[in-house]
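Heads up, the thing below is written out as structure tokens.
The values are calculated or read from the model by the stated rules, or taken from the named source; none is laboratory data. As the structure is a prediction and not an experimental result, all values here were calculated from the model. Please note: Cβ atoms are built from the backbone with ideal geometry, for glycine as well, and neighbour counts cover all protein chains shown. Just the protein is used for accessible areas: all its heavy atoms, side chains included, with ligands, DNA and RNA removed. Shrake-Rupley method; radii C 1.70, N 1.55, O 1.52, S 1.80 Å.
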Amino acid sequence: MTGASTGQREYDIAVVGGGLVGAAVGWGLARLGQRVAVLDEGDDARRASRGNFALVWVQSKGLGMAEYAGWTVRSSNAWGGFADELRQETGIDVHFERPGGFHLALSERELETRTLTLRRLHNQPRMVGYETHILGAAEVKRMLPDVGPEVVGGSYCPLDGHVNSQKLLRALHTGLARHGADYLPGRRVNGIVSKDGAWRLATPGGELTAAKVVLAAGNANMALAPMVGLAAPMLPERGQIIVTERTERFLNHPVVTIRQTDEGTVMIGDSKEEATDPAGMTLAINSVMGARAARMFPRLARLNVVRTWSAIRVMTADGFPIYEQSREAPGAFVVTCHSGVTLAANHALAIAPMIAKGGLEPELEAFSARRFDARPRQ
């Protein structure tokens, strides 16, 4: 691998995308001794990493694809060791906690809908077994003492947790550097071609050569994947987040739409919009999110909002991850998903070793984009 100041460089693996997915895969490869380059657009990119909710979430995952539920449970179970290894290697505590999480209901109808949804999820063929409990108002109150009187119950899963996602991204990039990987910002990939048994990636900073290429660029994979004989059908959507001022610890369990961070702030967010402008904000949606959160936890109504922002979610056409190796050129891979935090442990500790060995395991066949081929085109 040549120095960072020269024009053309050669690597074992080029990872396109420096967000949570690309950084996790890149770190996983670098720790195995691979010569890795992570190419990133830079901080002006419309990256999803800046807008994630930082949950490590299991309940509800996999309705319509039971394999996704099993994949999510696997990552949740691996997260403790993953966080420990990052801390030992980089000195950065990502504040991973897995106290179990809630999905709360503000009406009996909501609770009934939630119950039926979970029943459908767990009755699927090939569904992995794990605990999810439907709790009444009194049971929820015992675990969440500050919950409001309008909460009639909810679902609870002991496998759910959360992290500090900013520290996670920093830890991954610190680990990349410690393992000798090159992080190359300002390197938007404009073209990828196979030549002389290697991949050549064209960027504004010059051409880069690698034996393998991993596309982990989120929604940009939609345009990049066809360059290597793959497909990544995407339906990006906008989400908005509200962050309050710091307050004393009161929420020891994350809720799917509300969580208290290790720094004391409270994050609120569950919106989904078809808009794809990350600079836009919809005050009516923020108002609904804030009002609903205050109904669940009345003390939130007394807190000041210190930040709000929107970001574009990485979302495949059916919401499930795409993991695939090119049949036309076996050294090219696509790795894309919505749950970059939840699945970070799998990307680093399972996907990366597969790529280093040269191929994805049969267990990931369900996540191939070929699943879209059987569907009627719109």
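Let's see how each residue does on (1) assigned to a loop (DSSP other than H, G, I, E, B); (2) among the polar types (S, T, N, Q); (3) in contact with a helix residue (DSSP H, G or I) (Cβ under 7 Å, 6 or more places away or on another chain):
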{"residue": "ARG188", "(1), (2), (3)": "yes, no, no"}
{"residue": "ILE192", "(1), (2), (3)": "no, no, yes"}
{"residue": "ARG200", "(1), (2), (3)": "no, no, no"}
{"residue": "LEU208", "(1), (2), (3)": "no, no, no"}
{"residue": "ALA223", "(1), (2), (3)": "no, no, no"}
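Look at the stretch 47-67: where a residue is more than 21 Å from PRO125 (Cα to Cα) and among the basic types (Lys, Arg), no partner that is buried (at least 22 other Cβ atoms within 10 Å of the Cβ) and at pLDDT 95 or above sits 6+ places away or on another chain with Cβ atoms under 7 Å. Any idea which residue in the stretch 300-312 is farthest from TRP71 (Cα to Cα), counting only those that are touching a helix residue (DSSP H, G or I) at 6+ places or on another chain (Cβ under 8 Å) and open to solvent by 50 Å² or more (accessible area, probe 1.4 Å)? The extreme case among them is ALA301. Quick one: would you say ILE241 is open to solvent by less than 30 Å² (accessible area, probe 1.4 Å), modelled with pLDDT under 95 and β-branched (Val, Ile, Thr)? Yes; evaluated as a whole, the condition is true for this residue. Tally the residues that are open to solvent by less than 10 Å² (accessible area, probe 1.4 Å) and either of a type outside the set (Gly, Ala, Ser) or within 18 Å of ASN77 (Cβ to Cβ) (or both), restricting the search to the stretch 322-338. Total meeting the criteria: 7. Check the stretch 244-251 and report whether any residue there is of a type in the set (Lys, Arg), touching a residue at least 12 places away in the same chain (Cβ under 8 Å) and surrounded by 16 or more Cβ atoms within 10 Å (Cβ to Cβ). No: the stretch 244-251 contains no residue that is of a type in the set (Lys, Arg), touching a residue at least 12 places away in the same chain (Cβ under 8 Å) and surrounded by 16 or more Cβ atoms within 10 Å (Cβ to Cβ). Starting from residues that are within 28 Å of GLU245 (Cα to Cα) and among the hydrophobic types (A, V, I, L, M, F, W, C), keep the ones in the stretch 308-340 and report whichever is modelled with the highest pLDDT. The qualifying residue modelled with the highest pLDDT is VAL314. Within the stretch 221-238, if we keep just the residues that are hydrophobic (A, V, I, L, M, F, W, C) and open to solvent by less than 40 Å² (accessible area, probe 1.4 Å), the residue that is modelled with the lowest pLDDT turns out to be MET234.
Taking the stretch 351-368 as the range and being among the small types (Gly, Ala, Ser) and surrounded by fewer than 20 Cβ atoms within 10 Å (Cβ to Cβ) as the test, the residues that pass are ALA356, GLY358, GLY359, ALA366, SER368. For the stretch 130-174, the set of residues classified as of a type in the set (D, E, K, R) and closer than 21 Å to SER76 by Cα consists of GLU131, ASP160, LYS167, ARG170, listed by residue number.
Among the residues making up the stretch 63-117, a single one is among the basic types (Lys, Arg) and part of a loop (DSSP other than H, G, I, E, B): ARG98.
The sole residue among VAL306, VAL341, VAL288, VAL335 that is free of Cβ contacts under 8 Å to residues at least 40 places away in the same chain and either within 17 Å of the chain's Cα centre (by Cα) or outside any loop (DSSP other than H, G, I, E, B) (or both) is VAL288. Say whether the condition of being under 30 Å from ALA69 (Cα atoms), touching a Gly at 6+ places or on another chain (Cβ under 8 Å) and aliphatic (A, V, I, L, M) is met by at least one residue in the stretch 286-299. Yes, there is a match, as at least one residue in the stretch 286-299 is under 30 Å from ALA69 (Cα atoms), touching a Gly at 6+ places or on another chain (Cβ under 8 Å) and aliphatic (A, V, I, L, M).
When you scan the stretch 70-90, do you find a residue that is in contact with a Gly (Cβ under 9 Å, 6 or more places away or on another chain) and within 21 Å of ILE241 (Cβ to Cβ), even just one? No, there is no match, as no residue in the stretch 70-90 is in contact with a Gly (Cβ under 9 Å, 6 or more places away or on another chain) and within 21 Å of ILE241 (Cβ to Cβ). Looking only at the stretch 258-271, filter to residues that are of a type in the set (D, E, K, R) and in contact (Cβ under 8 Å) with a residue 40 or more places away in the chain; which one of those is most open to solvent (accessible area, probe 1.4 Å)? Only one residue tops the list, namely GLU263.
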